[in-house]
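Here's the structure, in structure tokens; my notes come after.
The values are calculated or read from the model by the stated rules, or taken from the named source; none is laboratory data. Worth saying up front: this structure is predicted, and the values here are computed from it rather than measured. Backbone-built Cβ (ideal geometry, glycine too); neighbour counts: all protein chains shown.
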Amino acid sequence: LPRVRLPADVRPTHYALSLEVVPERESFLGQTRIKIHLDRPRETILLHAAGLKIGSLLMQDSGGRRIEAGWREGEDEGMIELRPAEPLGPGLTLLRIGYEAPFNLQLEGLYRVEVRGRAYAFTQFQSISARLAFPCFDEPGFKAPFDVELTVRSEHVAVANTLAVAETPLADGLKRVRFATTVSLPTYVLAWAVGPLDVVEAFPVRPQASRRQPLPLRGIATNGRGPELRYALEHAPAQILALEEYLGIGYPFDKLDLIAVPDFAAGAMENPGAITFRESLLLFEAANAPQEQKRSFADVLAHELAHMWFGDLVTMHWWDDTWLNEAFASWMGNRVLQALYPEYQPGVWMLEAVHGAMSLDSLRSARQIRQPVESAHDIENAFDPITYDKGMALLAMFERWLGVETFRRGVRLYLERHRFGTATAEDWLAALSEAAGRDVGTPFQSFLLQPGVPLVEARLGREVGRSIVELRQSRFLPVGSRAARDRTWQIPLCARYGAGSESYETCTLFGGPEGELALEPGIAPSWVLPNADGAAYLRWSLAAEDLRSLREWGWQSLTPRERLSAADSLVVAFEAATLPADEIYAALRTLAEDETRAVAVVPMRLLRFARECLAGADLRPAVEAYARDLYRPVFGALAWQAAPNEGPEHKLLRQDVLEFLALVGRDPQVRAEAERRGRAVLGLDTNGALNLGAVEADLLETCLTVGVQEGGPAAFEAARKHFADCDSALLRWQLLRALSAATMPELSARARELVLDPSLRVNETLVPLERQRDEPAAREAAWRWLQEHFDAVVQRIGRLRAGLTPALAGRFSDLTHAKEVEDFFRPRIDQLVGGPRNLALVLERIELAAARIAAHEAAARRFFRRWLP
Ligand SMILES: [Zn+2]
């Protein structure tokens, strides 16, 4: 795998790319001209090219003199070394390379997809796949303008980052499309789409103060799917305007295309002017789309649009600052959602994502947000919840601490100072400190540069005449962890506390390990919450009596985010085993009844763990009975059908509760009704035709799943047939997940065989194994199957995505399996991109699950025995 960086003193200053892209062929042709600036004379020039068959190489010095040159593979994978006959530079040099390369089939670089017998070409270059499509300096620090021309079939559509400015007919049924020169861009955000595409023109986005020109807006999809772009095109303009208003800088490119890609490895990709999405995020079939799809679309679109500024306009200088792209895009995107879709409760979603990152960050093998990046493994690992969600939490925490307007001044200063260039964490902190008029860097870096989640232990101290909150901090560690606990952070910490019907807030910069927070003099608080609004990146625990007071006196005054934070403190107690399991399981009812979805679903995770890992076969029915007891009333209130004007979060809660009752609580009535509806959708008792109207869109997947689980071979066969006939990415996904949840052993085996079935899209390949990993009855067989077919799986999905395969073994909870997983992956893992760290994380998770079982098993069994039906 590639390791080294290119030298910094050889820089591209302009690219001219010319490619012939005919997706029906096996390969494409390219001509690349790069103007290079050399700071000093050089005998060799290193650049990136992977799998390109180079046919011609020409170099010219700054005087236009032609220089003979040879080339050879660099000593690092994906690099070539050019060797001119005489030393070049200093100054400008021109490099011209002609080549041919195969279309990639694993969704990397310039790749080919076939849909309904028609071939298309799309690109995905992040992080280091531009080198598969053209020779280049494939690092984010090397930004340069690009002139692109694409030679395509005359009846095809060609899309790139900028507007097409000329089209020339050529011989042999081809045409050449030339695109406007781009602003300075890094290689990883270039994008092209070629094929018989549908193009839907929307109204241009109206101009406003920071952008004088209307912005051309289009949707692009494969042939015939154009009409499904309408929903996305209707929602994009408001988001763009909201971003421009906050940032004070107009959308920085000459047009915007939203492109639905039928087979796509990521969720979406922020190519300037040409954002690519998975079809299942961008295409909406009907007014009756599931709520989850609408919410995900709004969320992902806002994140990608924010990238037009954070990442595209200002690019991180190197991958160690990937968070400058991703954390900012997530934080900014969430802000846009809060402004435009308050009914989605974006602030609660943000905290839910942050809690997910905390679970990862609690591991000894966790990365820092800003982690040194020295290899392709490190680059790939940088795209994780630590970068995205811990980074987002960090920005939101300092925004609240400094004030919204001060923070915004810092953001604008940062963007204005580095627009069209690159930036580092230091650049951001300098801008923020300048806007704030004080040093923000030191506390900020205490989170940026060390892994882990602070645990703040709080106790209400009642001295005579003076109330304080006593604080202690250390690193939060789950029971069984072998990491070091003695760490401190500089935490902008606010506590909320109440007396009578009033509540108050007080803040400090808590540098620990011990400290205190002075409360308003003369007030005798009856309760305290150590993390007001859940705003600080930390987990907390309260002294037992203070926790009781909070539940009794404070609960009604807590915001949804605060209740979610309090729910996490119960998870903290479970993971660290600081409270006995029976006490924790008994406390779940208040959470399950909470009106906020994110709070109401917290117990589900703990109950799943009890059913799978703590109960044993004899007490599993007891866990299921308790699960039903908690959630039946919730589902009863929601019912099978959404009320008119019901809020989106209610719809999502209905989906979550139904799935939980059907698959974990094994509720017989719920399963019977889900089966009935699932069979109706599959057309089992009618003419065999798919009938999507038989169930609310939000409940479709669960009904299909139960229908397949209960319906035997006939149901499996029907779902398989509908899957084969289906072009809708979302419906395919739902059918495939239902098929993969089949529990009869012979059907389970057939579901696994789908992994290597050519009718699956590449991005669907791992779905059966993921689903079976999560289903205890199928887990072992899925793991065996993966080991037996591992090479074929890697072949199909590529070494890049195969780096994620250790996670397919991530739900085991015993040391025998930990050893097996390690023995299997260890000799293979260095060849899978990002694999070594992903393996370490999985092994640690298994080890910790085993420790959690040892700590909780006895008390949990004591608790659940009472629930035996
Ligand atoms: Zn992103």
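Quick look at the numbers
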item	result
Hits in region 1-26 - residues which are surrounded by fewer than 16 Cβ atoms within 10 Å (Cβ to Cβ) and either modelled with pLDDT of 95 or more or in contact with an Asp or Glu (Cβ under 8 Å, 6 or more places away or on another chain) (or both)	3, 4, 5, 9, 13, 24, 25, 26
Given (1) closer than 30 Å to residue 157 by Cα; (2) touching a residue at least 12 places away in the same chain (Cβ under 8 Å); (3) surrounded by fewer than 21 Cβ atoms within 10 Å (Cβ to Cβ), index of the condition residue 287 fails	(2)
Residues located in region 457-487, provided they are surrounded by 17 or more Cβ atoms within 10 Å (Cβ to Cβ), closer than 22 Å to residue 841 by Cα and either touching a strand residue (DSSP E or B) at 6+ places or on another chain (Cβ under 6 Å) or not hydrophobic (A, V, I, L, M, F, W, C) (or both)	474, 475, 476, 478, 480, 481, 487
When residues of region 328-353 are limited to those that are of a type in the set (Gly, Ala, Ser) and surrounded by 23 or more Cβ atoms within 10 Å (Cβ to Cβ), the one farthest from residue 596 (Cα to Cα)	329
All positions within region 274-329 that are in a loop (DSSP other than H, G, I, E, B) and within 16 Å of the ligand (Cβ to nearest atom)	308, 309, 311, 312, 313
Strands (runs of 3 or more DSSP E) lying entirely in region 491-558 (those with 2 or more residues that are under 23 Å from residue 390 (Cα atoms) and not charged (D, E, K, R))	491-499, 502-510, 539-542
Wholly within region 653-743, helices (runs of 4 or more DSSP H) carrying at least 1 residues that are surrounded by fewer than 18 Cβ atoms within 10 Å (Cβ to Cβ)	668-682, 700-725
Residue among 682, 690 that is at pLDDT 95 or above and touching a His at 6+ places or on another chain (Cβ under 6 Å)	690
Subset tally (residues that are surrounded by 18 or more Cβ atoms within 10 Å (Cβ to Cβ) and without any contact (Cβ under 8 Å) to a residue 40 or more places away in the chain) for region 179-197	1
Every residue from region 693-713 that is among the small types (Gly, Ala, Ser) and more than 29 Å from the chain's Cα centre (by Cα)	693, 694, 707, 711, 712
Condition met for residue 569 (without any contact (Cβ under 8 Å) to a residue 40 or more places away in the chain and farther than 22 Å from residue 596 by Cα)	no
Count - residues of region 27-70 that are of a type in the set (Gly, Ala, Ser), under 27 Å from residue 168 (Cα atoms) and crowded, with 20+ Cβ neighbours inside 10 Å	1
Residues of region 568-581 satisfying the condition of being assigned to a helix (DSSP H, G or I), touching a His at 6+ places or on another chain (Cβ under 9 Å) and of a type in the set (A, V, I, L, M)	571, 581
Residue check, residue 374 buried (at least 23 other Cβ atoms within 10 Å of the Cβ), over 30 Å from residue 574 (Cβ atoms) and among the charged types (D, E, K, R)	no
Residue match in region 264-271 (condition: more than 16 Å from the ligand (Cβ to nearest atom) and surrounded by 21 or more Cβ atoms within 10 Å (Cβ to Cβ))	no
Filter pass, residue 306 being small (Gly, Ala, Ser) and over 23 Å from residue 730 (Cβ atoms)	yes
Conditions (1) among the hydroxyl-bearing types (Ser, Thr, Tyr); (2) assigned to a helix (DSSP H, G or I); (3) within 16 Å of the ligand (Cβ to nearest atom); number of the one not met by residue 246	(3)
Candidates 236, 265, filtered to the one that is touching a residue at least 60 places away in the same chain (Cβ under 8 Å) and part of a helix (DSSP H, G or I)	236
Qualifying positions in region 512-532 - surrounded by fewer than 16 Cβ atoms within 10 Å (Cβ to Cβ) and within 20 Å of residue 475 (Cβ to Cβ)	513, 514
Total residues in region 357-390, condition part of a helix (DSSP H, G or I) and within 16 Å of the ligand (Cβ to nearest atom)	10
Residue match in region 751-768 (condition: among the small types (Gly, Ala, Ser), over 30 Å from residue 119 (Cα atoms) and out of contact with any Asp or Glu (no Cβ under 6 Å at 6 or more places or on another chain))	no
Options 429, 402, 415, 449; residue that is in contact with a Phe, Trp or Tyr (Cβ under 8 Å, 6 or more places away or on another chain), within 17 Å of residue 492 (Cβ to Cβ) and either surrounded by fewer than 22 Cβ atoms within 10 Å (Cβ to Cβ) or aliphatic (A, V, I, L, M) (or both)	429
Some residue of region 637-644 being at pLDDT below 95, within 23 Å of residue 593 (Cβ to Cβ) and in a helix (DSSP H, G or I)	yes
Of residues in region 582-617 being assigned to a loop (DSSP other than H, G, I, E, B) and under 24 Å from the mean Cα position of the chain (by Cα), the one surrounded by the most Cβ atoms within 10 Å (Cβ to Cβ)	601
Count of region 439-480 residues which are touching a helix residue (DSSP H, G or I) at 6+ places or on another chain (Cβ under 8 Å) and not in a helix (DSSP H, G or I)	14
Residues satisfying the stated conditions in region 198-233, i.e. within 24 Å of the chain's Cα centre (by Cα) and surrounded by fewer than 21 Cβ atoms within 10 Å (Cβ to Cβ)	231, 233
Test for residue 552: is it more than 23 Å from residue 597 (Cβ to Cβ) and in contact (Cβ under 8 Å) with a residue 12 or more places away in the chain	yes
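Here's the yes/no breakdown for (1) part of a loop (DSSP other than H, G, I, E, B); (2) modelled with pLDDT of 95 or more; (3) over 25 Å from residue 222 (Cβ atoms):
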{"position": "123", "(1), (2), (3)": "no, yes, no"}
{"position": "138", "(1), (2), (3)": "yes, yes, yes"}
{"position": "148", "(1), (2), (3)": "no, yes, no"}
{"position": "162", "(1), (2), (3)": "yes, yes, no"}
{"position": "167", "(1), (2), (3)": "no, yes, no"}
